[in-house]
Every structure is written in structure tokens, then in C-alpha cells.
């Protein structure tokens, strides 16, 4: 099937290998060995084995969650109409504007480069500051891709769901506060 | 199977059925999955091993008295401050959260820590926010969102009075 051609692309394979086993990976591997040696010196071998034992059972517990969470993230990534959602930021005023900005921030995928680029693009058009703050706060605290890729693997699904549920109203509150702060905004690149 | 995993599996099944109905191409989905897996899992394994050793090395009582149930409301400013000063990406931030969790930090403190880091991550501000939006936007955003991690922690405390749902996997 043509759509799996990426598997044969040497550039892509190289990129994935660098992401997986690049400098940052060896940094963490080195830290694990370093703290392991330190633990052995300070606490003795019993604690080292106990720690490794706990890690192993934790990782065995985590792996099914990681696979399920990353599968959901990949499906959402492909199926969600992201551009349509983010185009709505700043298009509405009032409470509706804040709610739309919060939903858009929640579905904006991945890392800060895309989220901040979009925020900057919307900000130069002179969009409502409440919506700008609600959008980026929602991206940071509620971002679905971020929660599925980071929170669920490390903290487990229950904790992540609890944190998500608790944080739902907070970007809207931050947006309401932003509208009441008497500060002048000078967005880079915007004509004032 | 735990409730959380069960909910995730059900969500996955629903999404997969929709994807099949829409005749979504499996290629890009598999590609995205492999890319994210490569980004997360190798580093996560060693980050958690390092976190396990650090948790053995640091005195549990110190963390527990600052961030545990007994610290009460005081745990929140400590957790928020800790989240503010972690100038690093998600693997390090969550490895620190793992150390906190193993050392007896409470759920509200962990939620305040992660929420604070999510909102204020210093490296993100330096690399993206200041160059793209400028200092006046940063100032306004910080003033507006300052209360958010505290609110998250307080709501988590109130929720904790009603239900024990949401314990991190690390402490179970």
C-alpha cells in the first residue's frame, strides 16, 4: 500500500532514530547510570535493586497505557479538523469567544512552535486579549495531544483525567482576568 | 484493568470505528504513532529509572512535609514555585513529578506542579513567547494565568474530599 512508503524512506527512518536515540536519550541514560552509581555508593546495593525492581513493575504497568494513549493521539492527529478550529480564535467576542478559544487551544496539537506561531498570527490582527490568553492557557493545560503523549504515560490515565477535568474552566477564568488587566499590549509586528 | 485504562481503551475503539467508517488512510496514523513512540519511550524509560534512584537518595520526609497531605494548603505555593523554576521540557518535568509522587507528594500538589510547569515553562517563554509576542504580552499573560495552578490545586483538594480517584500510577 502506497501510504506506508514512509517506512522505506531513509531520511524518515534516520529522523526517527535520531529522535529516539539522539543526544537527549544518552543524557537521560547517563543520568540513570550516574544516579544509580550514586545510589549504590550512598545507600548500598539493596536500594539499587529495590529501585530497579519498582521501575520494572512500573514500566510493565505503563506500557499498555502508553500504546493506547499514543494510538488515540495519532488517530486524533489525523482526524481532527485542527485548522478549522484554530481559525475561529478571536472571531467571536464575549463568553462565546473565550469558550471557542479554550476548545481551539485544547485541540491544537503538539509542541509550542505551532501553538505560539498561531497565537502570534492571531495577536497581530488585534484579537481580543482574553481570547489570546484563554487559547494559550488551554493549549498548555488542556492540550489533548500533550496530555495523551506526556501526562498519561508518566502519571497514568486516572490522574490525567482528574487534572484535565479540574483545568477545564481555568483558561476561561484566565481570559476573563486578562480582559480586566489595565495594561497596554504592544504585540511584535502589529501596527498600533 | 483500571478504570482509567478502560476509559482510554473504549475511547480508542470508538475513534478506530469512526476512522474505519471515514475510510481513513492507516499510513499517516501509523507514521504519527511511530514518531511519537520514538520521541517518548526510550527517554521515558531512563528518565523513570533515574527518578527511581533520585527518590531513594532524597529524604522522603522532606518532600512529604513540603508537598504531602500534612502540608495542607502550604503545599500549593511550594508546588507552583517548583513548576515555575523547571526550565526544561516534558521528560524532565514529568521525571521530577515522578520523584515527587514516589516521595509522598499529594495529588493536589502534583496537579499544581504540573499545571504550573505547563503554563510557565521558562524555556518555552524564552524560545517562543518573547521573540514571537514580546514582553508586554508575556506580562499580561503571567498576571492573568498566575492564579490558575493555585485554583487547580484547590479544586483538586476539594475533589479529594469526595473521591480518591486520580492517584498517580507511581504511588499505587
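Before we move on, is residue A:120 under 20 Å from residue B:133 (Cβ atoms) and crowded, with 21+ Cβ neighbours inside 10 Å? Against the criterion (under 20 Å from residue B:133 (Cβ atoms) and crowded, with 21+ Cβ neighbours inside 10 Å), residue A:120 qualifies. Residues in segment A:41-51 that are closer than 15 Å to residue B:102 by Cα and at the interface with chain B (Cβ under 7 Å from one of its Cβ atoms): A:47, A:51. Against the test of being facing chain A (nearest Cβ under 8 Å), modelled with pLDDT under 90 and over 24 Å from residue A:51 (Cα atoms), the options B:70, B:25 yield a single qualifying residue, B:25. Taking the criterion of being away from chain A (no Cβ under 13 Å) and within 20 Å of residue A:58 (Cβ to Cβ), the residues of segment B:28-67 that qualify are B:63, B:64, B:67.
Here the helices (runs of 4 or more DSSP H) wholly within segment A:62-175 that include at least 3 residues being over 17 Å from the mean Cα position of the chain (by Cα) are A:82-87, A:94-107, A:112-124, A:129-142. The residues listed here are A:160, A:114; of these, the one that is closer than 30 Å to residue B:47 by Cα, buried (at least 22 other Cβ atoms within 10 Å of the Cβ) and without any contact (Cβ under 8 Å) to a residue 24 or more places away in the chain is A:160. Note on segment B:107-172: enclosed helices (runs of 4 or more DSSP H) holding 3 or more residues that are in contact with a helix residue (DSSP H, G or I) (Cβ under 8 Å, 6 or more places away or on another chain) and within 7 Å of chain A (Cβ to nearest Cβ) are B:107-120, B:135-145, B:148-162.
Just to be sure, is residue A:129 under 20 Å from residue B:143 (Cβ atoms), within 9 Å of chain B (Cβ to nearest Cβ) and surrounded by fewer than 24 Cβ atoms within 10 Å (Cβ to Cβ)? Here the answer is yes, as residue A:129 does meet what is asked.
Quick one: residue B:9 ticks every box in (1) under 29 Å from residue A:11 (Cβ atoms); (2) touching a helix residue (DSSP H, G or I) at 6+ places or on another chain (Cβ under 8 Å) except a single one, so which number is it? Of the numbered conditions (1) under 29 Å from residue A:11 (Cβ atoms); (2) touching a helix residue (DSSP H, G or I) at 6+ places or on another chain (Cβ under 8 Å), the odd one out for residue B:9 is (1). Residues that are surrounded by fewer than 24 Cβ atoms within 10 Å (Cβ to Cβ) and touching a residue at least 24 places away in the same chain (Cβ under 8 Å) within segment B:96-125 comprise B:96, B:99, B:102, B:103, B:104, B:120, B:121, B:122, B:123, listed in sequence order. For the condition in a helix (DSSP H, G or I), outside the structural domain of residue A:154 (by TED's automatic domain parsing) and within 11 Å of residue B:49 (Cα to Cα), residue A:37 does not qualify.
The values are calculated or read from the model by the stated rules, or taken from the named source; none is laboratory data. Note that the structure is a prediction, hence the values are computed from the model and not measured. Every residue, glycine among them, receives a Cβ derived from its backbone with ideal geometry; neighbour counts consider all protein chains shown.
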